[in-house]
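Notes to accompany the following structure.
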Amino acid sequence: MKRIVLLLIVISLFSCKNPGKGNLEVELKDDLGKSFKIDRSPEKVISLAPSITEIIYFIGADSRLAGVTKYCDYPPEAKNKTIIGGLLDPNLELISQIKPDLIFLTTEGNSQMTYKSLTDIGYKVFVMNPRNIDDIVITMEKLNKILNPPGGGNKISEFKKSIQAYKDNPKTNSTYAAFLSVKPLITFNDNTFIGDIFKQSGFNNLFGKEKLDYPGIYEEDILLKNPDYLFVLSDTSLAAHQRLNDEIGNRFNDIKAYKEKKFYYLDENVFSRPGPRVLDALKKLYEVKNIGN
């Protein structure tokens, strides 16, 4: 009997793989269509995009994160990681010192030159390009398969349920205009990640059909279209809002949205990063939509 118990213990020890260190035998395609065969979770990875950094922390794989960009500021602990430069100008010398097993970047935030420089040197580079909320989930699932953190799948499942709860809410036909910049006026169409957040929240983008993803807009167009809601993406500091208040008041005081006090500042990092905080963005728009109801 003792020999049987001992045998079972030995079998269990060899069958219970250490998460992130065992053989995975995972084959994935990145968003460039390049195939990656991963038979062992990478010990050291570098994130060249704030959104990817946020996802890695969200799924609980941050112990594997060996380097980030200077723009990776959330969660706050990310700023304690080794900073390897910016989105477009990562420090290749620092990267070589880290000796990463895998580097993550995005097509929208990083450049082709950065990708080519890294791959020419011989690094494995996995490219992400989430264009909408559903793509965020796909990106999370890919990162979870690669990094294999304990409990990552459960966190993603809960995230999907929370997202769906906001998608299931009644829609509104209210129109809006939203700007990434006030000088010059830069907005976005429905094909962008930010546009999808508003669309899933039931808002109708007056510039959603524009050909360019991030078109410049004439002030006269705003006055003519007269949106129900007006949004400006900015940093969250009071100083930033004070700088914008007079500018927006002087230029848009005749718009219905401004007259009816349906003008809002939105956290540019929350709304522009295709990561787990998209849930916060959906919550914010839900609150805006239901004010006064």
Of the residues that make up the stretch 73-93, is at least one surrounded by 18 or more Cβ atoms within 10 Å (Cβ to Cβ) and closer than 17 Å to Ile146 by Cα?
no
Does any residue of the stretch 156-175 turn out to be charged (D, E, K, R), under 30 Å from Arg243 (Cα atoms) and in a helix (DSSP H, G or I)? no
Checking Lys155, Lys142 in turn, the sole residue that is of a type in the set (D, E, K, R) and surrounded by 20 or more Cβ atoms within 10 Å (Cβ to Cβ) turns out to be Lys142
Filtering the stretch 102-122 down to residues that are farther than 15 Å from Asp89 by Cβ and buried (at least 18 other Cβ atoms within 10 Å of the Cβ) yields Leu102, Phe104, Thr106
*Test for Ile55: is it of a type in the set (A, V, I, L, M), assigned to a strand (DSSP E or B) and either under 18 Å from Thr139 (Cα atoms) or free of Cβ contacts under 8 Å to residues at least 12 places away in the same chain (or both)*: no
Within the stretch 61-120, the residues that are of a type in the set (Gly, Ala, Ser), touching a strand residue (DSSP E or B) at 6+ places or on another chain (Cβ under 7 Å) and in a strand (DSSP E or B) are Ala66, Gly67
Checked the stretch 232-263 for anything crowded, with 17+ Cβ neighbours inside 10 Å and of a type outside the set (Ser, Thr, Tyr); matches are Val232, Leu233, Ile248, Phe252, Ile255, Ala257, Lys262, Phe263
Per the filter on the stretch 269-287, residues in contact (Cβ under 8 Å) with a residue 12 or more places away in the chain, of a type outside the set (A, V, I, L, M, F, W, C) and farther than 21 Å from Ile56 by Cβ are Lys283, Lys284, Tyr286
*Answer yes or no: is there a residue in the stretch 222-229 that is surrounded by fewer than 12 Cβ atoms within 10 Å (Cβ to Cβ) and either out of contact with any strand residue (DSSP E or B) (no Cβ under 8 Å at 6 or more places or on another chain) or assigned by TED's automatic domain parsing to the domain that holds Leu285 (or both).*
yes
The condition from (1) within 22 Å of the chain's Cα centre (by Cα); (2) not assigned by TED's automatic domain parsing to the domain that holds Asn269 that Ile194 misses is numbered (2)
Pairs returned, first residue in the stretch 176-202 that is among the charged types (D, E, K, R), second residue that is crowded, with 17+ Cβ neighbours inside 10 Å and part of a loop (DSSP other than H, G, I, E, B), beta-carbon separation under 7 angstrom, 6 or more apart or interchain, are Asp190/Gly208; Asp196/Asn132; Lys199/Asp190
Scanning the stretch 38-52 for residues that are in contact with a Leu (Cβ under 7 Å, 6 or more places away or on another chain) and outside any loop (DSSP other than H, G, I, E, B), the one surrounded by the fewest Cβ atoms within 10 Å (Cβ to Cβ) turns out to be Asp39
Residue under question is Leu266, and the condition is that it be surrounded by fewer than 20 Cβ atoms within 10 Å (Cβ to Cβ), closer than 30 Å to Asp135 by Cα, of a type in the set (A, V, I, L, M, F, W, C) and under 19 Å from the mean Cα position of the chain (by Cα); does it hold? no
Log entry, pairs with first residue in the stretch 68-97 being assigned by TED's automatic domain parsing to the domain that holds Thr114 and modelled with pLDDT of 95 or more, second being among the acidic types (Asp, Glu) and part of a loop (DSSP other than H, G, I, E, B), beta carbons closer than 9 Å, six or more apart or on different chains, reads Lys79/Asp73
- Check the stretch 149-168 and report whether any residue there is in contact with an Asp or Glu (Cβ under 7 Å, 6 or more places away or on another chain), modelled with pLDDT of 95 or more and closer than 24 Å to Glu268 by Cα. yes
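The values are calculated or read from the model by the stated rules, or taken from the named source; none is laboratory data. Quantities reported herein were computed from a predicted structural model and do not represent experimental measurements. FYI the Cβ positions are ideal-geometry reconstructions off the backbone, even for glycines, and counts take in every protein chain you see.
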